[in-house]
Amino acid sequence: MNRKFPVLMALMTLSFLVTSAYSADLFEASVESPSPAPAKTAARSEAGGVEKQSVFLMCPKQKGYSAWSLYLNVDRNNPEKVLSLGLEELQGKNAQDMTYDAVVAAQSDAKTKRKSLGTLDAAKFGSGTINVTDSDALHVSVAPAGKDLRLNLSMRVSFDGRFTIGGKEQSSKDILFKYDAAKKSWSAVADHLKDMTSGVDAASGGNLALTGIVFPVTGTGIYRVVAATPDGDGVVVMDRE
């Protein structure tokens, strides 16, 4: 880095973050104890003895950007048994070029172009992490919580700011992946979710179903993050404006 212009270079770094943070071609992802990347298949698809179930979406609201999707690989004969966590990019899918609901639908569309960003074997749950290392953009992991899996997520939102789910923010943003025996599927449920607009816990003691988060991206960073429910409601979980 040219040390003669620290402020200029900092702004250039931030500009790179917000203009490229959702392009897998510009990303390098790393995983602690990585396992082979899964084939590019639709959400809840089957390959051999493995079924892939999408569980959480991280969706930018900016033209030309691409969403990130978290999924679980489970045992096809026993879907309650999770084999690994995976992260992939849904190329060209964002909440500006289409609706957020359309991006959620794209998770289950076999025609959606995807790029694997890493997988984490179940043996490493609670210790391993999937990392998007370019611009230190994302760290994501899960940890066993009884029969559930607790999400831990840290996403860069500005030059020196991060948005966090779980970890030190667990009391206000606690999201679990839970198994529904009737549907034989996993989904995201908030145990605690503080609404930054009202200051109340929107989860009301747990079991608030979520599909993911959506966030506008500006030239200087991400200032607002909204958690989305399957019925179209939203909870403002970060507001730096």
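Evaluated against (1) over 16 Å from residue 233 (Cβ atoms); (2) touching an Asp or Glu at 6+ places or on another chain (Cβ under 7 Å), residue 154 falls short on exactly one condition, (2). The number of residues in segment 193-217 being touching a helix residue (DSSP H, G or I) at 6+ places or on another chain (Cβ under 7 Å) and of a type in the set (S, T, N, Q) comes to 1. Listed by first and then second residue, the pairs linking a residue in segment 220-241 that is over 14 Å from residue 189 (Cα atoms) to a residue that is among the hydroxyl-bearing types (Ser, Thr, Tyr), with Cβ atoms under 6 Å apart and 6 or more places separating them unless they lie on different chains, are 221/158; 236/197; 240/223; 241/223.
Readers should treat all values here as calculations from the given coordinates under stated rules, not as data from a laboratory. What you are looking at is a predicted structure, and each value in this text was computed from that prediction instead of being measured. Cβ atoms come from the backbone with ideal geometry, glycine included; neighbour counts cover every protein chain shown.
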